[in-house]
Amino acid sequence: MAGRNWSRTETLIAFALYCRLPFGRLHSRNPEIVAIARKLGRTPSSIAMKCCNLASLDETHQQRGVRGLQKVSALDRNVWSEFQTDPDAVSFEAATAIARLESRPVLPISEPDIADLEGKENERIVRVRVNQYFFRDLILTGYCDSCAVCGLPLPELLVASHIVPWSIDVRLRMNPRNGLCLCGTHDRAYERGLLRITRSYTIRIAVPDRVRKSQPVTDWLIKYEGNQIQLPQRWLPDPELLERKFALISAAGA
């Protein structure tokens with residue numbers, strides 16, 4: 001039905017689409033948007049417009065000079081604000097809503113069976129795993145499926161890395177500004193403090209002198225010294241969190 005008001009569930013579905021589609025694919029010809037529109041009984045243009053309205057609330061797009069469609073609703077703003085405040089809850093709600101619409105399990109069928117877990121423990125594990133997949137999609141999409149350090153464009157080898165480990169601060173587990181898209185090697189190097197990223201997004205390398213002249217170390221780490229990381233299309237890494245990571249590494253003596 002054309003012209004009907006958007007529900008919260010529909011807005012969450014549009015938000016989930018926004019999180020998993022690159023900005024350049026938020027248009028009415030995108031097959032994913034066409035399919036969602038058909039299931040919702042809306043036009044592809046209306047779905048694309050809703051995604052673009054949500055994009056206009058994204059600080060990163062605002063800094064890039066991307067203008068919204070000036071039709072952002074109070075509901076759009078509420079969902080966006082809720083995500084900033086409680087990304088865990090909103091991510092799970094959005095992932096669940098779009099999975100139901102697409103008539104698929106909220107978790108991939110490749111996930112180990114967790115049916116033996118009972119009650120709240122089952123719910124907790126499901127929520128954590130669903131949000132892990134949501135966070136991965138969100139971060140990899142922001143970086144156009146390529147490593148922020150070396151540009152490796154193979155999603156199979158990429159990690160949605162946390163800047164500050166959520167084991168240290170669980171509140172940051174689903175914060176997209178606490179995420180980096182890194183290949184497996186650079187994720188491990190970042191985790192161990194061999195590769196560091198300053199608050200100005202500059203790469204610093206800290207490897208032992210005994211291996212510094214090794215060709216593999218030069219090829220995989222040293223040559224990126226002083227470069228700026230590839231910045232995402234959305235949700236720039238929080239400089240305060242990058243600095244906090246620096247402090248954590250220093251405190252650990254790395």
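The values are calculated or read from the model by the stated rules, or taken from the named source; none is laboratory data. Here the structure is a predicted model, which means the values were calculated and not measured. Please note: Cβ atoms are built from the backbone with ideal geometry, for glycine as well, and neighbour counts cover all protein chains shown.
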query = Taking N131, is it assigned to a helix (DSSP H, G or I) and at pLDDT below 80?
reply = no
ask   = Among the residues of region 4-18, which ones are over 16 Å from S103 (Cβ atoms) and of a type in the set (S, T, N, Q)?
value = N5, S7, T11
message = Of everything in region 87-110, what is surrounded by 14 or more Cβ atoms within 10 Å (Cβ to Cβ) and more than 14 Å from L12 (Cα to Cα)? Give them in sequence order.
response = V106, L107
ask   = Does region 185-208 include one or more residues that are of a type in the set (G, A, S), assigned by TED's automatic domain parsing to the domain that holds F246 and on the phi > 0 side of the Ramachandran plot?
value = yes
inquiry  = Can you confirm whether A37 is in a helix (DSSP H, G or I), without any contact (Cβ under 8 Å) to a residue 40 or more places away in the chain and of a type outside the set (D, E, K, R)?
reply    = yes
task = Pull up region 147-163, narrow it to residues that are surrounded by fewer than 20 Cβ atoms within 10 Å (Cβ to Cβ) and more than 20 Å from I205 (Cβ to Cβ), then point me to the one that is nearest to the chain's Cα centre (by Cα).
result = P155
key: Residue ID - surrounded by the fewest Cβ atoms within 10 Å (Cβ to Cβ), chosen from residues in region 225-237 that are of a type outside the set (S, T, N, Q) and more than 14 Å from C181 (Cα to Cα)   = G226
Scan of region 40-52 for residues that are of a type outside the set (S, T, N, Q) and either exposed (fewer than 14 other Cβ atoms within 10 Å of the Cβ) or in contact with a strand residue (DSSP E or B) (Cβ under 7 Å, 6 or more places away or on another chain) (or both), ordered by number = G41
